[in-house]
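The values are calculated or read from the model by the stated rules, or taken from the named source; none is laboratory data. Remember, it's a predicted structure, so these values are computed and weren't measured experimentally. Glycine also receives a Cβ, built like all others from the backbone with ideal geometry; neighbour counts cover every protein chain displayed. Only protein heavy atoms, including side chains, enter the accessible area calculation; ligands, DNA and RNA are left aside. Shrake-Rupley method; radii C 1.70, N 1.55, O 1.52, S 1.80 Å.
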Amino acid sequence: MSALRLDGGFTTRFAPAPTGFLHLGHAVNAVWVWGAARAFGGRVLLRIEDHDRGRCRPEYERALLDDLDWLGLVPDVGATEEFRRGPHAHRQSDQSARYEARLAQLESQGLVYPCTCSRADIARQGSVDETEGAELRYPGTCRDAARDPRSTAARRIRSEAGRTERFHDLRLGEQVQDPDAQCGDLLARDRNGHWTYQFAVTVDDLEQGIDVVIRGEDLLASTGRQLRLARLLGRTAMPRFLHHPLVLHPDGRKLSKSAGDTGIRELRKAGRTPAEVLGLAARAAGLQADPDPIDADSLASLFR
Ligand code: GLU
């Protein structure tokens, strides 16, 4: 049971990356997303986040579409059948033209520059912040170096130092983040020409009219930079965010690393019904006390 309250008429999204099979962690996210949408009159958009061309595979996408159908989780926008038919407006690998146009928009504001640094270069030059959620901060090596744009596909976006982003997380309350201190100038496209998660997701959330983002706490630290980027892209009404706890394997491993025993396929094979799997997920999500089976059509009850 959650104390969450939302005004109706919003669009939220379920946005898996097809880098593996769906596991209980995805089902937990789905229970939050569909449950909140069904309880408060929102719509669920399905987006396939295959921006990382090296790790995503079409067979994982097909499997996740099948698992969603089996679970009875029906998107209101982006039907699974439409994805199976071919190119789709909500599959990131089909969106290069839209991302190019958004990058050009930032370029015209003088905010974009080519970057020739490798990860190893950045690790050598940068200082690693030890605080939670901290990552490798780009030290700005190529910022004013006027690299030849033909020498690399990589593009970074100038960030503004000392400017914080504040937002109210629907579960965690007030948050303050300093994107420049966290990561420095944001990478929009990497050396292989792949769009980054941060860039693709911000463009998509803007253009697809996503106004409620419900995702795991592992992405909390990304929110400030996504808000900053959205503002640079001209977004005025910002989405609201809810970050829910991540589900860990009982031995503390991240679920994705141990899908052998929490994979939706495995649970299916072991004879669990869709309602049983959603019931397990709802308990793991902290939305019900026991793993009572629950149908996809009844998820709203977890929020009432
Ligand atoms: N594609 C991301 C994932 O599977 C979710 C991104 C997001 O919700 O912003 O973890």
Could you sort ASP211, ASP204 by their accessible area in this structure, using a 1.4 Å probe and putting the largest first? ASP211, ASP204
Any chance you could run the full-extension gain for ARG62 through ASP292? It's 0.36 nm times the residue separation minus the Cα-Cα distance, nm to one decimal. 79.9 nm
Mind listing the phi-derived Karplus ³J(HN,Hα) values for the stretch 143-158, rounded to whole Hz, using 6.51, -1.76 and 1.60 with θ = phi - 60°, and x for any glycine or proline? 3, 10, 8, 6, 5, 5, x, 7, 7, 7, 7, 5, 9, 10, 10, 4
How much length, in nm to one decimal, is gained on full extension between GLN109 and ALA97, taken as 0.36 nm per residue of separation minus their Cα-Cα distance? 2.4 nm
Amide H partners (placed H, <5 Å) of LEU248, local residues excluded: none
Of the heavy-atom accessible surface of the stretch 148-304 (probe 1.4 angstrom), what whole percent is carbon and sulfur? 49
Scan around CYS115 for amide H atoms under 5 Å from its own, H built in the peptide plane at 1.01 Å from N, and keep only partners 5 or more places away or cross-chain. ALA154, ARG155, ARG156
At 1.567 mPa s and 4 °C, Stokes D of the stretch 39-119 from Kirkwood alpha-carbon radius, µm² per second: 85
Assign unit charges at the C-beta atoms only (+1 for Lys and Arg, -1 for Asp and Glu), then state the dipole size of the chain relative to its Cα centre in Debye, rounded to the nearest 20. 580
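Compute for the stretch 1-77: radius of gyration divided by Kirkwood radius, i.e. Rg/Rh, restricted to C-alpha atoms, rounded to two decimals.
Rounded to two decimals, Rg/Rh equals 1.00.
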Per-residue ³J(HN,Hα) for the stretch 13-29, Karplus 6.51 cos²θ - 1.76 cosθ + 1.60, θ = phi - 60°, Hz, x for Gly and Pro: 9, 10, 10, x, 9, x, 9, x, 7, 5, 10, 4, x, 5, 5, 4, 4
Ordered by residue, what ³J(HN,Hα) values in Hz, to whole numbers, does the stretch 234-242 give under the Karplus form 6.51 cos²θ - 1.76 cosθ + 1.60, where θ = phi - 60° and Gly and Pro are x? x, 6, 9, 8, 7, x, 8, 10, 10
Residues listed by number, the stretch 1-39, amide nitrogen under 17 Å from ASP76 label point at 7 Å toward C-beta: 5-15, 30-39
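What is the ratio of the Cα radius of gyration of the chain to 2.2 N^0.38 Å, with N the residue count, to two decimals?
1.02
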How many percent of the alpha carbon pairs in the stretch 104-217 exceed a separation of 18 Å? 58
Only four residue types carry charge here, +1 at the Cβ of Lys and Arg and -1 at the Cβ of Asp and Glu. Report the dipole size of the stretch 87-218 about the Cα centre in Debye, rounded to the nearest 20. 640
Per residue, how much accessible area does the stretch 1-136 show when a 1.4 Å probe rolls over the protein heavy atoms, in square angstrom? 46
